[in-house]
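Remarks on the structure that follows.
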Amino acid sequence: MEIPEKTRQELIRQAFAARERAYAPYSHYKVGAALLCQDGTIVTGCNVECAAFGVGQCAERCALTKAVSEGERTFSAIALAAALDSAVDLAEEPYPTPCGACRQGLREFVDPEAFQVIMARSLTDCRIMSLEELLPASFGPSAL
Ligand code: THU
């Protein structure tokens with residue numbers, strides 16, 4: 001089901017706001033995510049890096065972990081905003097796509113055909129793909 005335009009814009013707005021809170025002193029690639037729960041709640045996340053590099057976390061899984069730890073289990077969409085901190089105009093940057101680990105993390109909780117990934121360059125310029133398109137023939141909970 002299509003996300004209403006107003007909700008999509010709010011998700012994108014919150015993803016950009018979350019990106020401002022990214023802690024990315026090593027890669028300088030700042031990412032913000034806004035996850036839409038089925039009850040309408042929006043949970044945000046940002047990437048949080050660490051001097052011990054492997055300990056750092058992506059924005060999408062930050063939002064997912066926050067949401068699940070607060071009792072949310074059903075999600076319909078996530079918006080992403082990402083670019084190097086040095087980027088002058090995000091609208092000129094590529095659409096941000098989620099890494100493989102984040103695709104798999106989201107897969108755990110969603111219907112891949114229905115879940116929308118909104119990759120935003122600005123409030124009005126985004127690319128939308130389903131998780132099924134981004135992670136086809138995925139492995140999920142029903143296999144176990
Ligand atoms: N990053 C994310 O937050 N999400 C992604 O889907 C891709 C990568 C972060 C991890 C790291 O802090 C920085 O971007 C560079 O890889």
**Item:** Total residues in segment 57-69, condition within 8 Å of the ligand (Cβ to nearest atom) and either surrounded by fewer than 19 Cβ atoms within 10 Å (Cβ to Cβ) or within 17 Å of Asp85 (Cβ to Cβ) (or both)
**Value:** 3
**Asked** Which condition does Leu123 not pass, out of (1) in contact with a helix residue (DSSP H, G or I) (Cβ under 6 Å, 6 or more places away or on another chain); (2) under 15 Å from Leu11 (Cβ atoms); (3) at pLDDT 95 or above, if it passes all the others?
**Response** (3)
**Fill in**
In segment 70-84, anything open to solvent by 70 Å² or more (accessible area, probe 1.4 Å) and either more than 18 Å from Pro141 (Cβ to Cβ) or near the ligand (Cβ under 8 Å from one of its atoms) (or both) is listed as Glu70, Leu84
**Prompt:** Going by the conditions given, is Glu113 surrounded by 12 or more Cβ atoms within 10 Å (Cβ to Cβ), touching a residue at least 12 places away in the same chain (Cβ under 8 Å) and of a type in the set (Asp, Glu)?
**Reply:** no
**Request:** Pull up segment 21-49, narrow it to residues that are away from the ligand (no atom under 14 Å from the Cβ) and over 15 Å from Ile118 (Cα atoms), then point me to the one that is most open to solvent (accessible area, probe 1.4 Å).
**Result:** Gln38
**Message:** With away from the ligand (no atom under 12 Å from the Cβ), surrounded by fewer than 16 Cβ atoms within 10 Å (Cβ to Cβ) and modelled with pLDDT of 95 or more as the only criterion, which of Gly140, Gly54, Gly100 stands out?
**Reply:** Gly140
**Complete:** Output for Cβ contacts, cut-off 7 Å, separation at least six or different chains, first residue closer than 9 Å to Ala59 by Cβ and modelled with pLDDT of 95 or more in segment 25-41, second of a type in the set (Asp, Glu) and within 8 Å of the ligand (Cβ to nearest atom), reads Ala33/Glu60
**Message:** With under 26 Å from Ser138 (Cβ atoms) and without any contact (Cβ under 8 Å) to a residue 40 or more places away in the chain as the only criterion, which of Pro98, Pro94 stands out?
**Reply:** Pro94
**Request:** Name every residue in segment 36-56 that is within 12 Å of the chain's Cα centre (by Cα) and closer than 16 Å to Cys99 by Cα, in order of residue number.
**Result:** Gly45, Cys46, Asn47
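The values are calculated or read from the model by the stated rules, or taken from the named source; none is laboratory data. Note that the structure is predicted; figures quoted are calculated from it, not measured. In this analysis, Cβ positions are derived from the backbone assuming ideal geometry, glycine residues included, and neighbour counts consider all displayed protein chains. Protein only, heavy atoms only, side chains kept; ligands, DNA and RNA dropped before computing areas. Shrake-Rupley method; radii C 1.70, N 1.55, O 1.52, S 1.80 Å.
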